[in-house]
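One structure is given below, encoded as structure tokens.
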Amino acid sequence: MTEQANPAAGSDSNLGLARRVICGFLVVAALTFTISGHSLGQSYPTKVIKLIVPFGPGGPTDLAARLASQIVQTSLGQSMIIENRPGAGGAIGTRAVATSEADGYTLLPAGAMVR
């Protein structure tokens, strides 16, 4: 007897993974902004924050970035732009952040997946 793949089971595990990624990203983003705000001793942000997502729109990283941007905008009172720069397995977006001005206003969502 051969086993047949259950398409519903795959979508549940993908949904669970997406939830973990989103929750992890939100926690890291919240902690980053909380810690950086207290340690700088300056008013931050004074201009628009740009979050460069190194993957295409509509994916889990993009959705997590958009959810996090809403929370950050509410808590900091500053606009946040989400810019998708897909390609080369995330290298194009990562390079854009790495070569941007080092002022803390261009961010890259990153995280580790834990199982």
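No lab work stands behind these numbers, since they all come straight from the coordinates. Predicted model only: the values in this text are computed from it and were never measured. Counting neighbours? That spans all protein chains shown, and the Cβs are built from the backbone with ideal geometry, glycine included.
MET80 sits among other residues whose Cβ lies under 12 Å from its own Cβ, and their net charge, with Lys and Arg +1 and Asp and Glu -1, is +2. Our estimate of slack between THR46 and ASP103, defined as 0.36 nm per intervening residue step minus the Cα-Cα distance, is 19.4 nm.
Each of the peptides 88-97, 63-72, 44-53 was scored by the mean count of other Cβ atoms within 10 Å over its residues; in descending order, highest first, they stand as 63-72, 44-53, 88-97. Fully extending the segment from ALA110 to GLN70, taken as 0.36 nm per residue of separation minus the present Cα-Cα distance, adds 12.7 nm. Coupling constants for the range 87-104 follow from the phi torsions by the Karplus curve (6.51 cos²θ - 1.76 cosθ + 1.60, θ = phi - 60°), and in residue order they are x, 6, x, x, 5, 5, x, 5, 5, 4, 6, 5, 9, 7, 4, 7, 10, x Hz; glycine and proline get x.
Around THR61, what is the net charge, scoring Lys/Arg as +1 and Asp/Glu as -1 over all other residues with Cβ under 15 Å from its Cβ? Taking every other residue near THR61 into account, the sum is +2.
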